[in-house]
Amino acid sequence: MTNLYPVFLNLENCLCLVVGGGQVAERKIHALLECGASVRVVSPKVTPLIKEWSDEGRLELRQRHYQTFDLEGSFLVFAATNSSRVNHRVTEDCRKGHLAVNIADDPSNSNFFVPSVIRRGKLSIAVSTSGASPLLAAKIRRQLEKQFGTEYEEFADVLTEVRNQVLNDIEDIHARRTIFKKLVESDILELLREKKYDQVKERIKNAYCGYRS
């Protein structure tokens with residue numbers, strides 16, 4: 001397999017089709033809903049949770065067998081049934097329509113993979129083995145979860161707020177870069193971990209010294 005091109009997608013209001021209604025499909029749907037995607041599900045049978053999401057209006061449910069026209073308008077497609085024949089048909093239809101498809105039971109024929117992800121607020125860390133071993137990706141994710149605690153979520157929020165302020169207050173690009181570097185390489189993470197918020201404010205103030213008018 002050639003090297004994969006890693007990318008993070010904004011799926012807000014983008015239509016994503018999930019063919020299948022079992023536990024695997026449920027996990028795919030849950031992740032898509034968390035990202036604000038518009039989800040269409042096609043399956044004659046679905047889990048109670050998928051049915052609940054449908055009843056709540058969180059997704060479009062077509063409770064029947066897959067048809068090619070179900071692909072209409074889709075941005076991403078997930079073939080997640082327990083039938084290799086159905087998954088293969090979805091894959092072939094997607095290839096003809098030049099659509100991105102992920103096949104649950106046949107990664108080698110997928111043209112995109114869903115990585116194992118750690119989320120700490122605005123910070124996302126993704127691990128992929130290009131479909132070779134989801135279990136290895138999950139193991140690495142668990143190791144990283146221990147390394148990147150909840151303080152990273154707070155740190156990302158701090159950096160977002162300061163970045164917006166710096167971009168508004170300081171025109172010089174080199175000065176901006178210097179401030180950002182000071183903050184990232186400071187001990188703010190340790191201070192956040194210890195809940196020493198007054199000292200965090202002091203570090204931010206010090207990073208500005210000599211640049212702010």
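The values are calculated or read from the model by the stated rules, or taken from the named source; none is laboratory data. Predicted model, so just to flag it, every value in this text is computed and none were measured. Neighbour counts are summed over all protein chains in view; Cβ atoms, including those assigned to glycine, are modelled from backbone coordinates with ideal geometry. Please note that ligands, DNA and RNA were not included when accessible areas were found on the heavy atoms of the full protein model with its side chains. Shrake-Rupley method; radii C 1.70, N 1.55, O 1.52, S 1.80 Å.
When the criteria are applied in full, Ala37 fails the requirement of being in contact with a helix residue (DSSP H, G or I) (Cβ under 8 Å, 6 or more places away or on another chain), among the small types (Gly, Ala, Ser) and within 30 Å of Leu123 (Cβ to Cβ). Residue-level check: of (1) farther than 26 Å from Val117 by Cα; (2) open to solvent by less than 80 Å² (accessible area, probe 1.4 Å), Lys45 misses just (2).
Listed by position, the strands (runs of 3 or more DSSP E) enclosed by the range 1-99 that each have at least 1 residues that are farther than 25 Å from Ala132 by Cα and aliphatic (A, V, I, L, M) are 15-19, 38-42, 60-62. Does Leu144 qualify as being within 30 Å of Asn109 (Cα to Cα) and in contact (Cβ under 8 Å) with a residue 12 or more places away in the chain? The answer is yes for Leu144.
Within the range 109-132, can you find the residues that are farther than 18 Å from Ser74 by Cα and open to solvent by 40 Å² or more (accessible area, probe 1.4 Å)?
Residues satisfying the conditions are Asn109, Pro115, Val117, Arg119, Arg120, Gly121, Lys122, Leu123, Ala126, Ser128, Ser130, Ala132.
Of all the residues in the range 146-185, those that are of a type outside the set (Val, Ile, Thr) and open to solvent by 70 Å² or more (accessible area, probe 1.4 Å) number 14. Residues that are touching a Leu at 6+ places or on another chain (Cβ under 6 Å), open to solvent by less than 30 Å² (accessible area, probe 1.4 Å) and more than 26 Å from Leu61 (Cβ to Cβ) do not occur anywhere in the range 73-94. Evaluating Asp106 against the criteria (1) open to solvent by 10 Å² or more (accessible area, probe 1.4 Å); (2) closer than 22 Å to Pro6 by Cβ; (3) within 18 Å of the chain's Cα centre (by Cα); (4) of a type outside the set (S, T, N, Q) leaves one unmet condition, (3).
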